[in-house]
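All remarks here apply to the structure that follows.
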Amino acid sequence: MAAIESVLKENRVFEPSEDFKAHANVSGMEGYNALCEKANQDYEGFWGELAQELITWKKPFTQVLDESRAPFYKWFADGVLNISYNSIDRHLADKANKTAIIYEKDDGSSENITYQQLYERVCRFANGLKSLGVQKGDRVVIYMPMVPDAVVAMQACARIGAIHSVVFGGFSSGAVKDRVQDAAAKVIVTANESVRGGKNTPLKATVDEALKDGDCTSVEKVVVFKRTATEVPFTEGRDIWWDDLIAGQAAECEPEWVDAEHPLFILYTSGSTGKPKGVQHSTGGYLLGAMVSMKWVFDYKPDDVYWCTADVGWITGHTYIAYGPLAVGATQVVFEGVPTYPDAGRFWQAIEKHKVTTFYTAPTAIRSLIKLGADLPKQYDLSSLRLLGTVGEPINPEAWMWYYEVVGGGRCPIVDTWWQTETGSNMIAPLPGAVAIKPGSCTLPLPGIMVDIVDESGASVDQSNGGFLVISRPFPSLLRTIWNDDARFQATYFPEELGGKLYLAGDSAHRDEKGYVWIMGRIDDVLNVSGHRLGTMEIESALVANPLVAEAAVVGKPHDVKGEAVVAFVILKGDRPEGEDAKRIAQELKTWVAHEIGKIAQPDDIRFGDNLPKTRSGKIMRRLLRTLAKGEEITTDTSTLENPQVLDQLKHSV
Ligand code: WT7
């Protein structure tokens, strides 16, 4: 609540400097307004021209937007392209020797990969995948560390028209299994181990566990990248080393030309039910969103050194590492490590070393670095920086000011980018040479993105009121459906209650007198822990799968570094545990959740009771649980409660 209140009182405004404005891709509010005006007057013409200008088409499209099966919108549907061609091949004529990727390894050493070298690596691996029988439309799960080869694997899939599904390397075998099964993946690409913060973590062993007992019948091959010297057991006939797969493969591979609507990838994300949703993205519209935002929001210039610190396991790593920067021909840093190793100066040291100009990270990382070493940026030369970005959650103004002054030297605009796995690319963010910035606000929608804030009936709310954040016109990079679940797609994102035509983002927001958007939080049972999206139901399902647990309810509580922390209220099948017993079982349950989903979902705080607070009709009163989680007194009426005595028990964390 403290964070929200300080945001509401925030009134500092930072105009773009004359210098920044003079060189920006979109300059001044005149520039921004002109683009918005164009989009308002001729929406399809606006997007159609951008798609022609920015994308290299094998066969041009004749229709921009097809709304005949709304909300299953199609963009540029008869256009034919390949996104790997757009990311790499088209740069070879004049940028073959330009560095595409600076691989900043965990141990502090680095390696440069040119566009020519990237081309060859992608082609070899694409040919390797083909040799395994992977064809257009087949699904490939990628469960990799943050090495350039993860990008190579994604680009190789795209090159041959295979659909990748990247699973974050921090997820457990249970999560890998669910995703492999849902997408019926034919091949898994993994590594023997990942290396982060000086520590090796097994990945191949986790894949083995996901595949044991013949649980994933679709999987024919597992390709294993050798990141460390550690030997791993191989299953005869199924497993193959990456190096053996590419040995002897040609360094050229004709791209598979696909329709603009061909699915590029599936990426699972949490929603309000227990089962993660396979967000399915297109090729053409997705690429356009990535490129337009690189140009407008990141103000991309050919001599930039761009660094997005995300992992390719998340949408940010897809759009702003694997595709966007390559599509515009940028030089980018791909970082394998963690922000705090060898110390909390790692980011600043790497910015100095590679002369990074554009740096994009998450508020949670900024907060933890302030905590561990607020003065460390001063020890490095950060003068190469010209633009900073944040993503994943609202940034509190204190962290924003530190980022602006201490990291950016008061000279770099901060682009606070609001978007989602589902939107594919930035939706609300300042165009840094045009829009004045305010700490804590993602400011104004990108030109062509029709954002509104509405009430329960879908009607726009007055300026001063908060409401549901929606996008009222389809846009190119919007998800196309949920993999294998059109009905869930329609019900979740285009609900009938709002008229069936508005894209419901799942966030609440309000606008100030200048039309600036301030994100207030989620409207569903989704938590945002360190910028990672977690469904409370997902964690509850994991907990009740434990033989000791009868019932569980999960809520979030504010946390000064993570944004939100997971609190689990647990009812055991046996007696309510106390003392040492309670401690031991709580630890067991934490480990259990880490094993079922991943460490990121592990509850911070576990509380045991004889029951959960329920109404007489048996409904769990989550509102009360949220109050208890925060350690606040319950002052509201509890007379509808069946069992008020449990509230006392649930006050205490173990
Ligand atoms: C949710 C989407 C977009 C890539 C990372 C997260 C929250 C995201 C911001 C921001 C306030 C933000 C929203 C959104 N969120 N960016 N700049 N300000 N909130 O993607 O995992 O799909 O999560 O993250 O709640 O709905 P995601």
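Every number in this text was worked out from the coordinates using simple rules, so none of it is lab data. Owing to the predicted nature of the structure, the values given are computational and were not obtained by experimental measurement. We place every Cβ from the backbone using ideal geometry, glycine too, and count neighbours over all the protein chains shown.
Worth a mention:
- Between THR615 and SER472, the modelled labels are 3.3 nm apart [label points 7 Å from Cα along Cα→Cβ].
- Exceeding the 19 Å Cα-Cα cut-off - candidates LYS199/LYS221; LYS301/LYS355; LYS199/LYS599; LYS105/LYS226; LYS74/LYS295; LYS38/LYS59: LYS199/LYS221; LYS74/LYS295; LYS38/LYS59
- Inter-label distance, nm, simple model (7 Å from Cα along the C-beta direction), ALA93/GLU236: 5.3 nm
- Relative to the current alpha-carbon distance between ASP575 and GLU497, full extension at 0.36 nm per residue lengthens the span by 23.7 nm.
- About its Cα centre, the range 548-654 has a charge dipole of approximately 320 debye under the convention of +1 per Lys or Arg Cβ and -1 per Asp or Glu Cβ, with nothing else charged.
- Fully extending the segment from SER131 to GLU513 would add 131.6 nm, taking 0.36 nm per residue of separation and subtracting the current Cα-Cα distance.
- Sequence-ordered 3J(HN,Hα) estimates for the range 562-570 from the Karplus curve with 6.51, -1.76 and 1.60 and θ = phi - 60° stand at 7, x, 9, 10, 8, 10, 10, 9, 10 Hz, glycine and proline given as x.
- Mean Cα-pair separation over length for the range 174-247, i.e. relative contact order, pairs under 8 Å, 6 or more apart, %: 34 percent
- The range 296-371: C-alpha gyration tensor shape, a/c 1.5 cut-off, then a/b vs b/c: prolate
- Full-stretch length increase - ASP243, SER460 - with 0.36 nm per residue and alpha-carbon distance subtracted: 72.5 nm
- Fraction of antiparallel bridges per DSSP, the chain only, in percent to nearest 5: 60 percent
- Between GLN645 and THR273, the FRET efficiency estimated from the beta carbon spacing at R0 = 25 angstrom works out to 0.20.
- Ranking PHE234, ILE266, ALA250 by how far each Cα lies toward the positive end of the dipole of the range 212-269 (charges on Cβ) leaves PHE234 at the top.
- Förster radius 22 Å - calculated FRET efficiency between VAL544 and ASP524 (Cβ-Cβ, nearest 0.05): 0.65
- Point-charge dipole on Cβ atoms (K/R +1, D/E -1) for the range 19-149, about Cα centre, debye to 20: 580 debye
- The alpha-carbon of LYS619 sits under 20 angstrom from the alpha-carbons of these aspartates and glutamates, leaving out residues fewer than 8 places away in its chain: ASP524, ASP525, GLU538, GLU540, GLU551, ASP610, ASP637, GLU642, ASP648.
- For the range 162-304, share of DSSP beta bridges that run antiparallel, in % to the nearest 5: 45 percent
- Among PHE608, LEU372, VAL529 the positive-end extreme of the charge dipole of the chain (Cβ point charges): LEU372
- Cα gyration tensor shape for the range 560-636, rounded if a/c is under 1.5, else prolate or oblate: oblate
- Only Lys, Arg (+1) and Asp, Glu (-1) charged, at Cβ; the chain dipole about Cα centre in debye: 480 debye
- At R0 = 51 Å, FRET efficiency that the Cβ-Cβ distance of GLU44 and ALA250 yields, to 0.05: 0.80
- √(5λ) per eigenvalue of the Cα gyration tensor, the chain, largest first, Å: 36, 31, 26
- Shape of the range 202-356, Cα gyration tensor, a/c cut at 1.5: prolate
- In the range 42-97, a dipole from Cβ-located charges (positive for Lys and Arg, negative for Asp and Glu) runs towards its positive end, and of ALA51, ILE88, SER68 it is ILE88 whose Cα lies farthest in that direction.
- Its DSSP H runs of at least 4 residues, each contributing -39,500 (n - 2.57), put the calculated 222 nm mean residue ellipticity of the chain at -8500 deg cm²/dmol, to the nearest 500.
- Stokes-Einstein D (µm²/s) once Rh is taken as the Kirkwood radius of the range 54-130 over alpha-carbon pairs, at 20 °C in 1.002 mPa s: 141 µm²/s
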